[in-house]
Each structure stands twice: as structure tokens, then as C-alpha cells.
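Heads up: the structure comes next, in C-alpha cells.
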Amino acid sequence: MQMEKMWTLIKKLAKDEEGMETVEYAVVAALVIVATVAIWSSLGTAISSKISDLISAMSPT
């Protein structure tokens with residue numbers, strides 16, 4: 001039900017110039033968010049690995 005409402009709104013906005021511009025900005029924002037999440041996830045894994053290495057190096061053997 002929600003998807004139908006959203007799709008109807010997108011179709012309505014696509015009919016005029018301002019609506020199309022809004023849709024374009026929404027698509028760009030979504031792409032930026034996806035890229036940010038992917039980069040953040042990758043960095044988080046790398047940082048976690050380095051912290052684990054540091055803790056291992058500092059712990060007594």
C-alpha cells in the first residue's frame with residue numbers, strides 16, 4: 001500500500017520540471033548515502049582490525 005502511494009507521488013512529480021528536479025536530487029542523495037555506508041562499513045572493518053592488532057601487540061605474552 002505504501003509503495004503504491006510513493007510510486008503515484010513519483011509519477012506525479014515527474015510530470016513537471018520542479019518535480020523532476022526533486023526526484024533527481026532524491027536519487028543523488030540516495031546514491032551518496034549508499035556510497036557513504038559502503039565506505040563507512042569498509043573503514044570500520046579496517047579500523048577494528050588495526051585496534052585488535054594493537055591490543056595483541058600490547059598484551060603480555
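Throughout, read-outs are computed from the coordinates displayed, never taken from laboratory work. What you see is a predicted model; the values in this text were computed from it and never measured. Virtual Cβ from ideal backbone geometry, glycine too; neighbours counted across all protein chains shown.
Dividing the helix sum by the residues of the chain, where each DSSP H run of 4 or more adds -39500 (n - 2.57), gives a mean residue ellipticity at 222 nm of -32500 deg cm²/dmol.
If R0 is 35 Å, the Cβ-Cβ spacing of THR45 and MET6 corresponds to a FRET efficiency of close to 0.60. Rounded to the nearest 10 degrees, the inclination of helix 2-14 to the longest alpha-carbon principal axis of the chain is 60 degrees. Helix 17-58 and the long axis of the chain differ in direction by around 10°, with both axes built from C-alpha atoms.
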